[in-house]
Structures are given as structure tokens and as C-alpha cells.
1. What is the number of the single condition among (1) buried (at least 16 other Cβ atoms within 10 Å of the Cβ); (2) closer than 27 Å to Leu428 by Cα; (3) within 16 Å of ligand 2 (Cβ to nearest atom) that Trp340 does not meet?
2. Could you please tell me which pairs satisfy a Cβ distance under 9 Å, a separation of 6+ or placement on different chains, a first residue in the range 315-344 that is closer than 13 Å to Phe230 by Cβ, and a second residue that is of a type in the set (D, E, K, R) and assigned to a helix (DSSP H, G or I)?
3. Which of the residues that make up the range 308-337 are surrounded by 24 or more Cβ atoms within 10 Å (Cβ to Cβ), away from ligand 1 (no atom under 16 Å from the Cβ) and over 18 Å from the mean Cα position of the chain (by Cα)?
4. Are any residues in the range 137-147 surrounded by 19 or more Cβ atoms within 10 Å (Cβ to Cβ) and in a loop (DSSP other than H, G, I, E, B), and if so, which ones?
5. Can you pull out the residues in the range 271-307 that are assigned to a loop (DSSP other than H, G, I, E, B), crowded, with 17+ Cβ neighbours inside 10 Å, near ligand 1 (Cβ under 9 Å from one of its atoms) and of a type outside the set (Asp, Glu)?
6. Quick check on the range 378-412: of everything there that is modelled with pLDDT of 95 or more and β-branched (Val, Ile, Thr), which residue is surrounded by the fewest Cβ atoms within 10 Å (Cβ to Cβ)?
7. Is it true that Arg159 is within 30 Å of Val339 (Cα to Cα) and of a type in the set (D, E, K, R)?
Amino acid sequence: MARSMEQHRSALRELLARTRPDDAAALLRLDAAAGRILAGDLLAPLALPPETNSQMDGFAVCTADLRAPRVGGDAAAAPLELPVVGISAAGSPPARHECGAATAVMTGAVLPEGADAVIPVERVHPPRFDTPVITVPAETAAATAPGTFVREAGSDVARGAVALPAGTVLGPAALGVCAALGLTGADTVLVRRGPRVLVVSGGDEVLPAGAPLRPGTVHDANGPLLRSWFESAGAESVTHLRVDDDVDAFTARLRCTVGEDHPDLVVTSGGISAGAFEVVRQALERIAADVWFGHVAVQPGGPQGCGTVLGVPVLCLPGNPVSTWVSCESFVRPALAAVWGCCAPPRWVEARLGETMTPLDGRTQLRRGILDTVGGSDLPDGTGRVPRVSLVGGASSHLLTAAARADVLVRIPPGTDPLPVGTAVAVLPVAGGVVA
Ligand SMILES: Nc1nc2c(c(=O)[nH]1)N[C@H]1C(S)=C(S)[C@@H](COP(=O)(O)OP(=O)(O)OC[C@H]3O[C@@H](n4cnc5c(N)ncnc54)[C@H](O)[C@@H]3O)O[C@H]1N2
Ligand code: MOO
């Protein structure tokens, strides 16, 4: 009987948890850490912003002056004239604010001492800086409270507080934070170390990139596919072992490579299903411990296997290229995210089917799809739209060019009845797709 997807996921999670080394964190230079995930909280060595500053090009004022009685009217109805004393650009040394005056300040300039609010230049008369006096309209004066258009020191992060919590992906914004805090590319950050992965691909018919094809042969798509997938999933390194269909040779090379290179994880593709030359399965059945080969109730990615060689976990993915890739997303990612924490876990979201589709009886289907972010259905509460998804390519797992056009995997639960247009389905965003 086939394993359920959840049973296989928890088997892989358990296998990786049992074999993961304790030192799964590494210090990386910041300029080599893009996309990696912080292993510990990053504390702010300084406040951001470092000083209280202006949020607008305008005039720093003391709000008490705006409430003062006016000549010729009450404070609520009459405009207010203020002499302009001083001008402060971003980067200027902190200025002093004179009571009863306005100080011209540019966005980012330190708020002059004594001022507590900023009025944007376009809200005074004349709306310019080359003027000795400004007039503040009564309604602008009334609307200007202490703190208006002022960015308090430490309002983004206080000195000593957590700027980036453990688990933050070092994306562009986080790298911007590091730079704002004064870190350079040569500074190091503690990131979650992904496994050192040994990718195994091949088969008699599978030739390395660039080799001229002979009848019956194909190029190795899965080796580069797996390398790219594991690199973007936070692997510390990815090495590659090419194999043919000689079980004795493969057994010896695998044992030798694992013994000498000590990878944290071996991932194979192909050679595991029902054929007469299933080199991976035959070799592992000889030398691996805790071996399991069987079917999971999903298409693609049905045939799966796992075990350990010399204590190192081995995940065996099916050889059809789309099956290899979909297996990474549906089985490897959840286990890696849960145990190593080096990649984001899968985040399924809801979409509506843009076409009728017939599910498989007894097996989940993971079809490749394109999310239509413009079309879609309105949510009943009026808070937005559920995107519509259209399938790209057929169900067969050799259709790799269609997979390259997909930006989501579409989960079609097992069933017998056709699913009409508009059926709610779960979709998983994946790297790739076509940008219009
Ligand atoms: N009698 C059965 N046959 C098959 C079954 C089954 O249940 N019973 N399952 C099918 C499914 S589903 C899949 S998926 C494949 C998985 O087979 P293997 O993992 O043993 O993979 P191979 O037979 O080695 O290769 C399958 C296919 O993929 C091509 N391939 C393999 N490696 C690469 C590579 N590195 N780059 C590009 N292409 C590769 C290979 O040439 C084959 O065409 O089994 C079905 N059969
Ligand atoms: O599961 Mo196979 O992975 O359908 O092609």
C-alpha cells in the first residue's frame, strides 16, 4: 500500500532529524550571506534612526508657538507668521531652534533642538525656502501636534534591541538593515548552515552537459536542477557524483565518496522504480541501513526511497525531471525547513481553478500552474480577490519546459468527480515562471 504524502514527509523529517549534526550554524561574511537565514538574533549596535530627524522638507516649529494667541484673532482661526531662522540640511550638524521662529529643515535633517514638529514646505506661504517669513494657515497650525512629521531616534529599532530576529531571511531589506547598522561586507553573521549535499544523477542513457547525444541518450537535466534547487535552499555546498547503471561500480563509488567527503545529505535521482536496471535501489538495498523504497500517493513523485549510508541520510527521488523537482518542493523542502531551518517552509495559498480538471482516483496530483494575479474572484467580504490559476503543460513528468513556465504547483486532491472552474485549490509559489 502506498504511503500518504504526510507519512513520507514525517519519515524524511525523522530521518534528517536523527542524522543532523549539532553544529548547524555557520559564520558567513555578510557579502556572501544573501538569501541565508539568521541563526541568532541580530542586535542593533546603534539606534535607527540614530537621531530624531525630519520626515519632510519643511519648517521645524515649536507647537507651543502655534497655539499662542494671535494678533487680530484667536489661535484656532487666524494664520500665524513665523520668521525663518536658519536652514538645516540632512547631514548638517544639529541646529538650535529659536523660540517663536521656524527653522528650515530638509528630509533627514536632525530636528533642531527646541522644535517638536515639522510643517511640510507646501503647506505654508510662500511654499519656498528663500523667504524671511512664512505664514502658517490656521488649519495647518491646528493639525500640527508634537511629533508631526518627526521621526524619533530609535523608532525603527532602539540601540541594543533585536533588529533582525533569528530566522530572518537575509533578503534585500534585511541586508539594508545590516548596512544601516554599520556592518560591512567583511563583517560576519551567524546563519543557519544548510547541509553539504552530494547529488547523484545518471544512468547509462544520461550524458553530461555538452556531450553529443547518441540514439537513446539524454542530457543530465537533474544534476544541474538539483544543484540549483539545493543552493537556493541554503545548502552549504553541493557536489555531484555521476553514475551509470553498473550496480557494483555505483555501490563502491557511493561508499567511497560518502566515506571520504562526509556530506550531510545524499540526494539521488532516478534508478528506483520497477525497471530491470534500478541501480540506486539495488545499490542501497545492499549497503544502506533503514532502507525504504515504495510509492507515495502522489503524482508526480510517486516512487520514492530513503535510507542511510555510513550514517548519512540518502533521499532517493524519481528520475523523471519534473518528478525530481516536484519531490524537492513537496518532500525535501518541508524536511529541510523543519530540521535544518536553512530554507523557508512551503507556504500554500488559495487560488481558484481557471479551468475544469479531473482529479486522480486515490492520489494527490501536483500540477504545474501559472497564477493570474489580475483575473480572479472577489472575496465575499470585499477585502480583495482570490487569484485564478491555469495549468501549464500536461500531467506527464517529462514535461520539463512547461514546468519551467510555471510559477506555482497546484494541489489537486484525490477524487473521482471533475472539478469545475472556480474550485478553490491550494497553490505553492515556486521559483521560476515567465515574466510578462
Ligand atoms: N512499471 C513501472 N514503471 C514505472 C513506474 C511504476 O510505478 N511502474 N513509475 C514511473 C514513474 S511515476 C516514474 S517518476 C519513473 C521513476 O523511475 P526512476 O526513478 O527509476 O527513474 P529512471 O527510470 O532512472 O528514469 C526515469 C526517466 O527519467 C529520465 N532521467 C533519469 N535521470 C535523468 C537525468 N539526470 N536527467 C534527465 N532525465 C533523466 C530517464 O531517462 C527516464 O526517461 O518510473 C516510471 N516507470
Ligand atoms: O511519479 Mo512519476 O513521478 O509520475 O512521473
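1. Trp340 satisfies all of (1) buried (at least 16 other Cβ atoms within 10 Å of the Cβ); (2) closer than 27 Å to Leu428 by Cα; (3) within 16 Å of ligand 2 (Cβ to nearest atom) except (3).
2. Listed by first residue and then by second, the contacts come to Ala335/Arg9; Ala335/Arg13; Ala335/Glu14; Cys343/Arg333.
3. The one that is surrounded by 24 or more Cβ atoms within 10 Å (Cβ to Cβ), away from ligand 1 (no atom under 16 Å from the Cβ) and over 18 Å from the mean Cα position of the chain (by Cα): Pro313.
4. Thr144 - this is the single residue of the range 137-147 that is surrounded by 19 or more Cβ atoms within 10 Å (Cβ to Cβ) and in a loop (DSSP other than H, G, I, E, B).
5. Within the range 271-307, Gly271, Ile272, Ser273, Pro300, Gly301, Gly302 qualify.
6. Thr401
7. no
Residues checked against (1) part of a strand (DSSP E or B); (2) in contact (Cβ under 8 Å) with a residue 40 or more places away in the chain:
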position	(1), (2)
Ala60	yes, yes
Asp65	no, no
Ile87	yes, yes
Ser92	no, no
Ala115	no, yes
Ile119	yes, yes
Phe129	no, yes
Ile134	yes, yes
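The values are calculated or read from the model by the stated rules, or taken from the named source; none is laboratory data. Not measured: the values here are computed from a predicted model. So basically every Cβ, Gly included, is an ideal-geometry build from the backbone, and we count neighbours across all protein chains shown.
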